[in-house]
1. Taking residue 186, is it in contact (Cβ under 8 Å) with a residue 40 or more places away in the chain, assigned to a loop (DSSP other than H, G, I, E, B), closer than 24 Å to residue 330 by Cβ and in contact with a strand residue (DSSP E or B) (Cβ under 6 Å, 6 or more places away or on another chain)?
2. What is the number of the single condition among (1) over 23 Å from residue 136 (Cα atoms); (2) in contact with a helix residue (DSSP H, G or I) (Cβ under 7 Å, 6 or more places away or on another chain); (3) part of a strand (DSSP E or B) that residue 254 does not meet?
3. Cβ-Cβ distance below 7 Å, separation of 6 or more or different chains: which pairs start in region 255-269 with a residue that is at negative phi and end on one that is at pLDDT below 95 and assigned to a helix (DSSP H, G or I)?
4. Among the listed residues 262, 292, identify the single one that is exposed (fewer than 15 other Cβ atoms within 10 Å of the Cβ), under 29 Å from residue 232 (Cβ atoms) and in contact with a helix residue (DSSP H, G or I) (Cβ under 8 Å, 6 or more places away or on another chain).
5. Name the single residue that is nearest to residue 183 (Cα to Cα) among those in region 31-55 being part of a loop (DSSP other than H, G, I, E, B) and in contact with a strand residue (DSSP E or B) (Cβ under 6 Å, 6 or more places away or on another chain).
6. Need pairs with beta-carbon distance below 7 Å; first residue free of Cβ contacts under 8 Å to residues at least 40 places away in the same chain and within region 283-298, second in a helix (DSSP H, G or I); sequence gap 6+ or separate chains.
7. Part of a loop (DSSP other than H, G, I, E, B) and surrounded by 15 or more Cβ atoms within 10 Å (Cβ to Cβ), is that true of residue 248?
8. Here are some conditions: (1) under 30 Å from residue 330 (Cα atoms); (2) surrounded by fewer than 22 Cβ atoms within 10 Å (Cβ to Cβ). Residue 81 meets all but one. Which one does it not meet?
């Protein structure tokens, strides 16, 4: 099996790359190494993989890599993912997530890959009410509510078109909120840890009531590998835990683990269009694939906090960029309606 992973130096993609390379799979990685990409995430396996620093929006260069590597499996993680950034810079998300995905699909078709796994998000369904007991299933219509989720829904439409028109053997995975070691600290959990280690308050949008389904990144990697081997072409699989947790609980849990008082929470103006609740059914992936998460949110959060405490240098290395973007958000969000 020759696997090419796009976005393989990103948070989620790197976890898969480390796993596959350690197990002896032939792996090549394509990653632009933007602010969110970091070669250090895969440094322990660099001698066992082939790495290409390349922007997936550059189609000719991408096709050359595919022609050279001739992968029979492509796992497409590469994407802009932070909702706040998508509100500020929507054009970048369309370029990377839509045009970039199109280029990866075209290159995969040309070399005749045997399996294409597209990593998407549960955010494409849109939001649910906070007091609802309902959850989204794979056949439900998409109703994205941010430029980020809209760009991911658009990418899915392209994937589906390549299944029908070009008979490209694709599978779509819709992931819930992943967290864990190596996550870039613009996302809630590592951002909270970074702020607390800096002696600063943790910013929390609105009243902290927004609910997400949190999944430890190693559990998600397990799911990707299982779907790679057992999934059916043309299918969509929701991959999530069954643990719905609101943002206030997440931050309070981190404060408790770090022995910090609750007055380190700072409530800030909510971001525009902030979705209230995400929840998806995982009946399909459990019944058809036999996958279930192993790590509880409590255990995963403890592991995550411990890792960042042991890797403060890496975390603080990102602080300047995080602070710069945070300041930009504060200036812009009040003007966006």
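The values are calculated or read from the model by the stated rules, or taken from the named source; none is laboratory data. None of these values were measured; they are calculated from a predicted model. Positions of Cβ are backbone-derived with ideal geometry, glycine not excepted, and every protein chain shown enters the neighbour counts.
1. Judged against the criteria, residue 186 is not a match.
2. Failed condition: (3).
3. The qualifying pairs are 269/333; 269/334.
4. When all the criteria are applied, what remains is 292.
5. Per the stated criteria, the residue is 37.
6. 292/286
7. Considered against the rule, which asks whether it is part of a loop (DSSP other than H, G, I, E, B) and surrounded by 15 or more Cβ atoms within 10 Å (Cβ to Cβ), residue 248 comes out as no.
8. Tallying (1) under 30 Å from residue 330 (Cα atoms); (2) surrounded by fewer than 22 Cβ atoms within 10 Å (Cβ to Cβ), residue 81 fails exactly one: (2).
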